[in-house]
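For reference, the structure is listed below as structure tokens.
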Amino acid sequence: MIMNAVRNEETPSRYGGVVILIRTHYVDEEILGLIEKLSAATGYYIAIAADESNQKLDPGPRAGKVSLDFTVFRELGLYVTDNAMWRCGDYGLYAALFRFPQAAYFWLIESDVRIHTEHLSDFFSFFDAHREVDFLSCFYSPAPPSWDWRQTMAPYADKIYKCMFSPTRFSRAAVEFMLERRRAMSLSYAEAVVKKDPAANLPWPNDEVFSATVLSNNNFVCKDINDFEKIFYNEKTCSFLNVASLKRLENSSPDGLIYHPVLSGERYLRKLLTLLNYGRRNAALYAHYLKRYGRDHYIRQLRDECGDEVACKFKNHVDFLLLQLKRGEAGDVSLLTRILNGEA
């Protein structure tokens, strides 16, 4: 039995059987604004897929909520890793199946995704005309050998596919099938962990490799969002290595493209710090990242989001870290973190 946190809720017919889930662990004015825009533009039912591991979230009067925590995941019969909230975005879809039994399609949108179009309704109405597609995503394709998540699905499939969750759309049939497969995999993986089987040495597959692979290999219609003779994103607008300023984006001319991630204020700075830390795996990569995120493009965006003082401190310290690397010294990125905490 699923907990009240994912209680049954009818989807009124006026919503066209479509639910937009905003995946988030916080609600602020930006999230409330996104809810307002999506509600006004689409006529779909809007809900947050709410990570409530640490706090309860209130989406306001214009949206519903699918409450998520590890207890809900276990009741759904899913294997739970420590970082399941981040790793397994598809888990929120399974809870939504029970919350919205009349929903025929689910859009899943990360909280830091923005569709930069003059009329937001144009984007969703375009894909309403393609309801034959069970799964839509960005960067959908067979997974290259170099892709980080590829090996995690190797025990479960011969042909591995990849995608990016930003945004995605699923048919109900696709989500139901995914839940069935996640449950079966969860049982076998949990048994492997208990038995200390080598199969458990591989990380648990994330949402992107699991969804794309399972649906592609089981006769579901899967398409990239750019597969319709129209470009909705590119490698600059949607990228793990890029971050866009919300203020800059909102003050620029609409181009009809999807942007991900888009952040503002302190979250923008935190993302830059995360990217710099990611680059510390080796000196050459670290130097490349320091040069990349110390460029004027990012400094201007940081200035817009956090002010001149923070931007100047960030730039000066990035330059200092580069100088340390040239001298063969280990740079101390913790000083950047102290900038964030107002200690430097």
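What follows draws every value from the coordinates through simple rules; no lab data is involved. This is a predicted model, so every value here is computed, not measured. Cβ placement follows ideal geometry from the backbone for every residue including glycine, while neighbour counts extend to all protein chains displayed.
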J(HN,Hα) series, the range 178-186, from Karplus relation 6.51 cos²θ - 1.76 cosθ + 1.60, nearest Hz, glycine and proline x = 4, 4, 4, 6, 4, 5, 5, 5, 4
request  = Find the centroid of the Cα atoms in the range 156-190 and in the range 225-244, then give the distance between the two in whole Å.
outcome  = 23
Percent antiparallel among DSSP beta bridges (both partners in the range 4-224, rounded to 5) = 30
message = Using each residue's phi in the range 35-41, evaluate 6.51 cos²θ - 1.76 cosθ + 1.60 at θ = phi - 60° and report the 3J(HN,Hα) Karplus result to the nearest Hz, with x for Gly and Pro.
response = 4, 4, 5, 5, 5, 5, 7
note = Taking the convex hull of the alpha-carbon atoms of the chain and averaging its shadow over every direction gives an area in square nanometres of 18.8
note = Applied in sequence order to the range 239-251, the curve 6.51 cos²θ - 1.76 cosθ + 1.60 (Karplus, θ = phi - 60°) yields integer Hz couplings, x standing for Gly and Pro, of 7, 5, 9, 10, 8, 9, 7, 4, 4, 5, 5, 5, 9
ask   = What's the center-to-center distance, using Cα atoms, between the range 63-82 and the range 106-148 in Å?
value = 24
query = So, by mean Cβ neighbours within 10 angstrom, what's the order for 52-62, 116-126, 270-280 with the highest one leading?
reply = 270-280, 116-126, 52-62
task = Enter the angle in degrees (range 0 to 90, nearest 10) between the Cα long axis of helix 265-278 and the first principal axis of the Cα atoms of the chain, meaning the one along which they spread out most.
result = 80
ask   = Mind checking the angle between helix 308-326 and the chain's longest principal axis? C-alpha axes, 0 to 90 degrees, to the nearest 10.
value = 80
query = Given H placed 1.01 Å from N in the peptide plane, which residues other than close sequence neighbours of GLU110 have an amide H under 5 Å from its amide H?
reply = ARG23
